[in-house]
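S.K.: Please see the structure below; I have some questions.
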Amino acid sequence: MSDRNQDKEKREKQGDPEHDESVLNPERKDELDLSKKERRLIEKEKLKGMGIGKKLEYIWMYYKPVIFGVIAAIALVFGVRDYYEGLKVKTVLSVAVVDSRIEDTDSTAEEIKEQLGYEGDKYSRVEINVNMTSNEDGDGLEYYAQMTYVTQIAAGTMDIMIMPEKVYDTLYENNDQSFLNLKELLGEENFQAFGNQTDETHISVTDSELATKFGLSYEPICIVVPASTSEADNAAKWLSVLAEREK
């Protein structure tokens, strides 16, 4: 005789208090010996006699691992989907703005995206970084902004930079090879539309509309294109839009 049958006979002889009479058969088999169908029927009968609160408590107690498993599976599906969707997104223009007083840049980013011809393209985006600030003297970047600037220049993830002219003078003095020649990038006509400039690697404008969009309190507004940009064509396209407004 198997150990299981011996244990069963022992419990029956001792009147095991944990032995439960079956709701389906007065001579109930041990629960381990029940088929899946029989166990489902027993669970159904148990739940019938419970109130809503007891049912929830019972389901939570006995099916908690299953519930967590389902939640985890759903989270995994959505996480994988978001990950692969994120891989499709491309930044078509990244704009860094020094000493901006604006927090919400979504509308401006969407406007630039449309100007670049990406309207309706959900996988293309324009990024606007407004967290860079100048130092106390106003003639350079403060420490953390300087670190951000150096990192993005090295990585080629900054396509347009907008800043006070004093900050530009310091950056240009430190490395006059940091910025593209805008006369060559835009063409002579578009470059001259911005008026006389002290050199060809920046554009200085007095533009109240631009100041409003980017939350700027200084003028002139100085615009450059870093030499390490990976989106020179889109940078040129957006600056050409500004040039048309200046003509």
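S.K.: What is the set of long-range amide H partners of residue 135 at a cut-off below 5 Å, with H atoms built 1.01 Å from backbone N?
M.R.: 140, 141, 142
S.K.: Would you list 97, 70 from the most to the least accessible area, probe 1.4 Å? Show your work: numbers first, answer last.
M.R.: Values: 97 0, 70 80 Å².
Result of the area sort, largest leading: 70, 97.
S.K.: Carbon and sulfur: what percent of region 126-186's accessible surface (1.4 Å probe)? Mind showing how you got there, number by number?
M.R.: Working: 1450 of 3280 Å².
Carbon plus sulfur share of accessible area: 44 percent.
S.K.: Taking Cα atoms of region 98-222, Rg/Rh with Kirkwood Rh, to two decimals?
M.R.: Numbers: Rg = 14.9 Å, Rh = 15.7 Å.
Ratio of gyration radius to Kirkwood radius: 0.95.
S.K.: Next question. Calculated FRET efficiency, residue 148 and residue 52, Cβ-Cβ r, R0 41 Å, to nearest 0.05?
M.R.: On the way: r = 56 Å, r/R0 = 1.36.
Efficiency, from the Cβ-Cβ distance: 0.15.
S.K.: Please report Rg (one decimal) and Dmax (integer) in Å for the Cα set of region 111-157.
M.R.: My reading of the Cα-based Rg and Dmax gives 14.8, 43 Å.
S.K.: Taking a label point 7 Å from the Cα of residue 181 along the Cα→Cβ vector, which residues of region 216-247 have an amide N closer than 16 Å to it?
M.R.: From region 216-247, the list is 225-228.
S.K.: Can you work out the accessible area per residue across region 83-230, with the rest of the protein chains kept in place, probe 1.4 Å, in square angstrom?
M.R.: Working: 7910 Å² over 148 residues.
It amounts to 53 Å² per residue over region 83-230.
S.K.: Just to verify a number: what accessible area does residue 122 come out at with the full protein assembly present, 1.4 Å probe, Å² rounded to tens?
M.R.: Solvent-accessible area, nearest 10 Å²: 150 Å².
S.K.: Using a cut-off of 11 Å between beta-carbons, work out the net charge of the residues near residue 121 (Lys and Arg +1, Asp and Glu -1, residue 121 not included). Walk me through the intermediate numbers first.
M.R.: Details: positive: 88, 90, 113, 122, 125; negative: 114, 119.
Net charge around residue 121: +3.
S.K.: Hey, another quick one. Please compare each pair in 90/213; 113/183; 183/237; 88/213; 90/237; 88/113 to a cut-off of 25 Å on the Cα-Cα distance and tell me which ones are over it. Display every interim value, and only then the final one.
M.R.: On the way: 90/213 23 Å; 113/183 23 Å; 183/237 13 Å; 88/213 28 Å; 90/237 17 Å; 88/113 17 Å.
Over 25 Å apart, Cα to Cα: 88/213.
S.K.: PRE reach from residue 91 (point 7 Å along Cα→Cβ): which of region 154-174 fall under 11 Å by backbone N?
M.R.: 155-160
S.K.: In region 148-167, which residues have a backbone nitrogen under 15 Å from the label point lying 7 Å from residue 219's Cα in the Cα-to-Cβ direction?
M.R.: 164-165
The values are calculated or read from the model by the stated rules, or taken from the named source; none is laboratory data. This structure is a prediction, so every number in the text was calculated from the model and none was measured. Positions of Cβ are backbone-derived with ideal geometry, glycine not excepted, and every protein chain shown enters the neighbour counts. SASA here: full protein model, heavy atoms, side chains in, ligands and nucleic acids out. Shrake-Rupley method; radii C 1.70, N 1.55, O 1.52, S 1.80 Å.
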